[in-house]
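Have a look at the structure below before the remarks.
Each reported figure results from applying straightforward, stated rules to the coordinates on display, with no laboratory input. Bear in mind that the values here come from a model prediction, so they are computed numbers and not experimental data. Glycine gets a Cβ as well: all are built from the backbone with ideal geometry, and neighbour counts include every protein chain shown.
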Amino acid sequence: MENKNRNISLEKLCEEVKKIARSTGDYLKREQAALMKNDIELKGTRNYVTYIDKEAETRLVEGLKKVLPDAGFLTEEATVAFEEKEFTWIIDPLDGTTNYVHGDSPFSVSIALMKGKETLLGVVFDPVSDQMYCATGKGEAFLNDAPLLVSSHATLENAYIGFGIPYSLDAKGETILKNAMKQFRRCSFRIKGSAALELCYVAAGVSDSYFHPGLSPWDVAAGAFILQCAGGKCTDFTGGGNYIFGREMVATNGLIHQEIMKSIIQGN
Ligand code: IPD
Ligand code: CA
Ligand code: CA
């Protein structure tokens, strides 16, 4: 990758991003222990934020500006204004805030780099379990240093499926959750509470699928890329490619994608 200020390979860039994610994740982990009730604010019902989300984001932005000075940012806490640039960092400084404010886990730092509509790299770090997920291209997805591969489970029967409930649940989202409920006797469902990590769990072959209405680009950009590099599939609810900005995510190992679409998303 080249830009005005730096000429750097994606792999080297990824190493730098991992260092930044790790130091920010370690900050999150330390601060969780000291978090007081008064530190917690609500953006809306069930939707928490703390000074820690904002401080973590500031640290990420400062670090990432040093490695790629020309890039713009799209961040959850908007501590930096979005500007149209050739390269854009899409970051969620703390994914899993609800878990975090309740002294629970998992939670993660999520960072993706996009060039226009193409994702170039993804890093998701879970500081509690010390799991660093990253990817820089097809077949190049890793958990710490081990290559990632999706599961080979090919049917809904006995599948292990992650999902989540958005802060603003609309009628379409509610219908999908009701469709999922009809499958409760056929497969196992889990809500882990960090979309970025839950996509990585599909990439790692832990889960067979993950679906979620109403997610934002910073929740999914890195995890979706990591999953695709590990051999998985992501689509929006129509089966199309608008899953980063379209607020609709269906992620699978590829083998059960059609069945998830039919039984859970379309409810047939
Ligand atoms: C949330 C988490 C959660 C998902 C929510 C997201 P946040 O992000 O990813 O798993 O269910 O819809 O908004 O608020 O913790 O950054
Ligand atoms: Ca998030
Ligand atoms: Ca967040």
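Computed values, structure above
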item: DSSP-defined beta bridges in the range 160-265 - what % are antiparallel, rounded to 5; result: 55 percent
item: Helix runs (DSSP H) in the chain reaching 27 Å along axis by Cα, Kyte-Doolittle at least 0.5; result: none
item: Residue of LYS117, LYS29, LYS54 that the Gaussian network model of the chain assigns the largest fluctuation, springs spanning Cα pairs under 10 Å; result: LYS117
item: Residues GLU118 and ARG22, FRET efficiency given R0 of 35 Å [Cβ-Cβ distance, rounded to 0.05]; result: 0.85
item: Order of LEU199, LEU255, LEU227, LEU60 - criterion: other Cβ atoms within 10 Å of each residue's Cβ, fewest first; result: LEU255, LEU60, LEU227, LEU199
item: Positive-end extreme of charge dipole, the chain - chosen from GLY246, PHE125, THR88 (charges on Cβ); result: GLY246
item: Average silhouette area of the range 160-265, convex hull of alpha-carbon atoms, in square nanometres; result: 5.6 nm²
item: Zero-based 10 Å bins, Cα pair distances in the range 37-156, whole percents; result: 12, 37, 33, 16, 2
item: Cross-link pairs beyond the 27 Å C-alpha cut-off, checked among LYS54/LYS85; LYS29/LYS66; LYS66/LYS115; LYS29/LYS172; LYS178/LYS233; result: LYS29/LYS172
item: DSSP-assigned coil residues among chymotrypsin sites (Phe, Trp or Tyr not before Pro) in the range 136-191, each with at most 16 further Cβ atoms within 10 Å; result: TYR167, PHE184
item: Two-decimal Rg to Rh for the chain - Kirkwood Rh, Cα set; result: 0.96
item: Most mobile of GLY193, GLY44, GLY214 in a GNM of the chain (Cα contacts under 10 Å); result: GLY44
item: Per-residue [θ]222 nm for the chain (sum of -39500 (n - 2.57) over DSSP H runs n ≥ 4, rounded to 500); result: -9500 deg cm²/dmol
item: Along principal axes, Cα extents of the range 1-72, largest first, whole Å; result: 45, 23, 16
item: Most mobile listed residue (ASP104, ASP92, ASP53) in the chain, GNM with C-alpha springs under 10 Å; result: ASP104
item: Loop-resident sites, the range 87-174, for GluC sites (Glu not before Pro), counting at most 16 other Cβ within 10 Å (DSSP); result: GLU157
item: Share of alpha-carbon pairs per 5 Å distance bin for the range 201-242, given as whole %; result: 5, 22, 35, 28, 10, 0
